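Working notes, structure below.
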Amino acid sequence: MQDRRRHPRSRQLLSCELRVGTHRHFGIVLDQSPEGLFLETPTRLPIGTVVGLTLRVPERDERLELCGRVAHAASEAHAGLGLELIDPPVAYRELVAALAPREFRVELKQTQGADTRLVLVRCGTEDEAAELVMTELDESWKILSIRPV
């Protein structure tokens with residue numbers, strides 16, 4: 001099946017409350033993009049249904065209020081809803097941007113020699129880039145610099 005997404009997705013699990021009229025349901029956001037998200041929930045809704053959504057962002061101790069439209073419903077094996085967001089707030093877009101993987105250029109030097117390496121790593125933070133690189137190398141290497149690409 002071809003991926004028809006317009007924007008790349010970030011993967012961050014966020015608990016949320018889904019509101020449809022006067023009914024409240026709960027679920028887990030599995031991934032998000034600037035314009036949409038996938039919500040794991042047993043709730044089944046017709047395509048086109050407009051819903052309210054409250055995301056809980058634990059690292060920031062805040063809640064984001066969103067409005068979305070059901071774009072697709074998942075299969076029996078993967079219960080959930082794909083939502084297209086309606087006018088997502090700036091705070092949501094900032095959250096997605098902060099969660100999105102980035103590329104980092106990691107410059108390495110051998111501690112007992114003159115060899116150097118340049119490695120590109122795709123992850124969320126500079127600390128993650130350092131950890132990923134060092135798990136692949138032995139102790140004879142040290143990091144000289146880490147820069148976003």
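General remarks:
- Normalised by 2.2 N^0.38 Å, where N counts its residues, the alpha-carbon radius of gyration of segment 14-99 equals 1.00.
- Take the Cα radius of gyration of the chain and divide it by 2.2 N^0.38 Å, N being the number of residues; the result is 1.35.
- Total formal charge among the other residues, if their Cβ is under 14 angstrom from that of Thr49, Lys/Arg +1 and Asp/Glu -1: +2
- Proximal charge balance of His23 [Cβ under 13 Å; K/R count +1, D/E count -1]: +2
- Dipole magnitude of the chain, debye to nearest 20 (Cβ charges: Lys/Arg +1, Asp/Glu -1, about Cα centre): 520 debye
- In degrees, nearest ten, helix 90-99 long axis to first principal axis of the chain (Cα): 40 degrees
- Sequence ranges 131-144, 34-47, ranked by mean other-Cβ count within 10 angstrom, highest first: 34-47, 131-144
- The chain: calculated mean residue ellipticity at 222 nm from DSSP helix runs of at least 4, using -39500 (n - 2.57): -4000 deg cm²/dmol
- Cα-centred dipole magnitude for segment 102-148, charges only on beta-carbon of K, R (+1) and D, E (-1), debye, nearest 20: 240 debye
Every read-out reported here was derived from the displayed coordinates using simple, explicitly stated rules and does not represent laboratory data. Since the model is a prediction, treat every value here as computed from it, not as a measurement. When we count neighbours, we look across all protein chains shown, and the Cβ atoms used for this are built from the backbone with ideal geometry, even at glycine.
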